[in-house]
Amino acid sequence: MAARIIDGKQVAADMRAELKVEVAKLKEDGIVPGLAVVLVGEDPASKSYVTAKERACEEIGIYSNDNRLPADTGQAELMALVDKLNKDPKINGILVQLPLPKHLDESEVLLAIDPAKDVDGFHPVNVGKMVVGEEAFLPCTPHGIIQLLVRSGVKIEGAEVVIVGRSNIVGKPIANMLIQKNDTGNATVTVCHTRTKNLAEHVRRADIIIAAAGRPNTVTADMVKEGAVVIDVGVNRVEDATKKRGYRLVGDVDFAAVSEKASLITPVPGGVGPMTITMLLFNTVASAKQAAARKG
Ligand code: GUN
């Protein structure tokens, strides 16, 4: 079977159009959602992510507050900025771009963000709420994957899902979301990782495969059941002399061979990637609505 491509760019564009309408309606009530983005240092990948996030905000009418700090910024200075943003009523979401330079204490910074403004869903309060099934900001990449599945008509309930990778940003939260007793959960989930004994044996059982290992060709065609749905979260640079920049982006899945067996598959780029920023916009709009409701 040749797989149908899940077009993440199109799903993201549809959701952004919906959000733009919602933001315009909020503005009629004097509510302007605001997102503060904090970038420490000059990492080129982080810089391009942050620029893309700010551009996406502007596109749909969210106020974007840019905070770029030098690489040698101290912990106290960064904590003071987070405190200031926590108190600023124009700011509904605070995003500190990770990874932070090595000399900074990442978990102290994430813990300092007001959970009500934690649109990344990384604060332990939001992680805990997600795990016990309470309403919380859901982390953007896993939330985006669920939207891709739902909007592509994939049945999650009762599905055998095999996740490859156990990161805090993708593997662990998506596993938790998919086992929840709700409309987008009720799956049977296996989480594989670097110490898993027989990866292929697990992946072969899957109705839905989520590859988030950060390594090219982690999922090959021999591991994939005919008709499986394949979500590729990997973003890996591989050398390519035919490209002007000297590399191309590939996922964790052997796309060419696996797409001959899968029923649905996400490409890299253009699959999960565009959804991550979209869910950040979604959380920022939700946060602005919650702040307005609290004010009454
Ligand atoms: N670095 C890579 N992905 C993310 C993300 O989703 N949020 C933040 N804050 N940093 C990241």
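The values are calculated or read from the model by the stated rules, or taken from the named source; none is laboratory data. Note that the coordinates shown come from a computational prediction; the quantities given were computed from them, not determined experimentally. Heads up, the Cβs are rebuilt from the backbone with ideal geometry, glycines too, and the neighbour counts pull from every protein chain shown. With ligands, DNA and RNA removed, areas are computed over all heavy atoms of the protein, side chains included. Shrake-Rupley method; radii C 1.70, N 1.55, O 1.52, S 1.80 Å.
The accessible-area ordering, largest first, of the residues Thr220, Thr194, Thr284 stands as Thr194, Thr220, Thr284, per a 1.4 angstrom probe. At full extension, Glu77 and Gln180 could sit 33.2 nm farther apart than now, given 0.36 nm per residue minus the alpha carbon distance. If R0 is taken as 35 Å, the Cβ-Cβ distance between Arg248 and Asp29 corresponds to a FRET efficiency of 0.15. Equivalent-ellipsoid semi-axes for the stretch 53-138 (Cα gyration tensor, √(5λ), whole Å, largest first): 21, 19, 12. The spacing between the stretch 181-227 and the stretch 1-45, judged by their C-alpha centroids, is 28 Å. Against the criterion of solvent-accessible heavy-atom surface with a 1.4 angstrom probe, Asp222, Asp29 sort, most first, into Asp29, Asp222.
Only beta bridges with both residues in the chain are counted; by DSSP, about 10 percent of them are antiparallel.
Shape of the stretch 1-102 from its Cα gyration tensor (a ≥ b ≥ c, root eigenvalues): rounded if a/c is under 1.5, otherwise prolate when a/b > b/c, or oblate? In terms of gyration-tensor shape, oblate. The separation of the stretch 142-156 from the stretch 90-123, counted between C-alpha centres, amounts to 26 Å.
Oblate is the label for the stretch 40-82. Its Cα gyration tensor axes, ordered a ≥ b ≥ c, give a/c of at least 1.5 and b/c at or above a/b. Cα gyration tensor of the stretch 188-296, axes a ≥ b ≥ c as square roots of the eigenvalues: rounded (a/c below 1.5), prolate (a/b > b/c) or oblate? In terms of gyration-tensor shape, oblate. Inter-label distance, Gln290 to Lys87: 2.2 nm, where each label sits 7 Å from its Cα along the C-beta direction. Hey, what angle do you get for helix 140-151 against the long axis of the chain, alpha-carbon based, 0 to 90 degrees rounded to 10? Orientation of helix 140-151: about 60 degrees from the principal axis. Computed with a 1.4 Å probe over protein heavy atoms only, the accessible surface of the chain comes to 49 Å² per residue.
Once the Cβ-Cβ distance of Asp114 and Ala200 is raised to the sixth power relative to R0 = 30 Å, the FRET efficiency obtained is 0.10.
Accessible surface of the stretch 93-168, 1.4 Å probe: 53 percent of it comes from carbon and sulfur atoms.
The smallest convex shape that holds all Cα atoms of the chain, its convex hull, gives 140 Å³ per residue. Per-atom-type breakdown for the stretch 192-296 gives carbon and sulfur 52% of the accessible area (1.4 Å probe, protein chains only).
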